[in-house]
Amino acid sequence: MLLKRKLCLAVTLIVMDSPAWSQGGAPNHPSIVVDGQTYTPNSILTRNMGTAADQAEQFPPHKIIGNIYYVGTKTLASYLIVTPAGNVLVNTTYEANVPTIAKSVAQLGFKFSDIKIILGNHAHGDHMEGDALAKQMTGAQVVVMAEDVPALAHIKPGGKPHPIDRVITDGDTVSLGATILTAHLTAGHTRGCTTWTTTAMENGKSYNVVFGCSLRAPTVITPEIEKEFNASFKTVRALPCDVQLGDHNSEYGMIDKHARLAAGGSNPYIDKPSCSRETDLEEAMFRAILAEQAAAKGATN
Ligand SMILES: [Zn+2]
């Protein structure tokens, strides 16, 4: 109840009467205000993706916490999880980025060929297109959520079939060394959108780390997708979280946090309040799109 009230206060819904489609992306309506900032579906998509150059440009690889490292580009997140039994790569992103990710892994002092398991957040090309090439380069096992298998079958750069070595379902775990990752089905953005959780140690303390899957709603929310998101918002809000990560680093303000790393002091990635920020924004947008859809339907009846 408290949450609902908070969302109502924080969100102003402006239903625009004419469609204002942006080029090649999401619409410029509805418009919502969350924490004093205005968002549209298009502004969230632009925030996530940046430019084509941003999607390809290496971001300085760096340690996030414990055995978890950032190895992605300026806007597409990839993570390396290092264990004594080999390493895990989360999100290969576009196939063209795989050599850049390999370069980041090497710059951190690790071997790309030590990657034993490849995971992804969801079956869209900007997160999992590189799976076939990364597997070819490492021999790693590709683990995917059952509900994303049909969509992955369509992601085959250069005609290469999407590699799938293990199919998991909600609640399954993936272990390597002493690291255990748990898969949480947080569907909506794709049918098999997967939020991964694990723990990481820093200064003798264990922290809950959440690799969130995008909660960005599509332009048209079908009753099935509505049901998925309603369940997923609940699931995500119930996850223990000290460190919020995501498939696009803008979802947790990585560029700002990375800049604060250089200043020293406490680890900026340990940021409990940040854990619900992206969920609040995406749920507010989801509700605004639903309201707009209902209003449009009412107008035609
Ligand atoms: Zn996506």
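Where Lys and Arg each count +1 and Asp and Glu each count -1, what net charge lies around residue 92 among other residues with Cβ under 12 Å from its Cβ?
-4
Taking the Cα atoms of region 242-289, what is the range of coordinates along each of the three principal axes, in descending order and whole Å?
That gives 41, 17, 14 Å along the principal axes, largest extent first.
Taking the convex hull of the Cα atoms, report for region 112-238 its projected area averaged over all directions, in nm². List each step's numbers first, then the result.
Details: hull surface 35.4 nm².
Its Cα hull, projected and averaged over all orientations, spans 8.9 nm².
In Å and on Cα atoms, what radius of gyration and Dmax does region 153-301 show?
Rg then Dmax for region 153-301, in Å: 18.0, 62.
Taking the Kirkwood radius as the inverse of the mean 1/r across Cα pairs, report the Rg/Rh of region 2-300.
0.96
Using 0.36 nm per residue, how much length does the chain from residue 205 to residue 57 gain when fully extended, once their Cα-Cα distance is taken away? Could the numbers behind the result be given before it?
Details: separation 148, 0.36 × 148 = 53.28 nm, distance 3.37 nm.
Value of the extension gain: 49.9 nm.
Straight-line reach from residue 63: which lysines fall under 24 Å, measuring Cα to Cα and dropping same-chain residues less than 8 apart?
74, 103, 111, 116, 135, 205, 257, 272
Quick one: if you stick a label point 7 Å off each Cα along the C-beta vector at residue 170 and residue 154, how many nm between them?
2.3
How much net charge surrounds residue 245 when only other residues with a Cβ under 12 Å from its Cβ are counted (Lys, Arg +1; Asp, Glu -1)?
Residues close to residue 245 contribute a combined charge of -4.
Quick note: the coordinates plus some simple rules give every number you see, no bench work behind them. Fair warning: this is a prediction, and the values are worked out from it, not measured in the lab. Note that each Cβ is placed from the backbone with ideal geometry, even for glycine, and that neighbours are counted across all protein chains shown.
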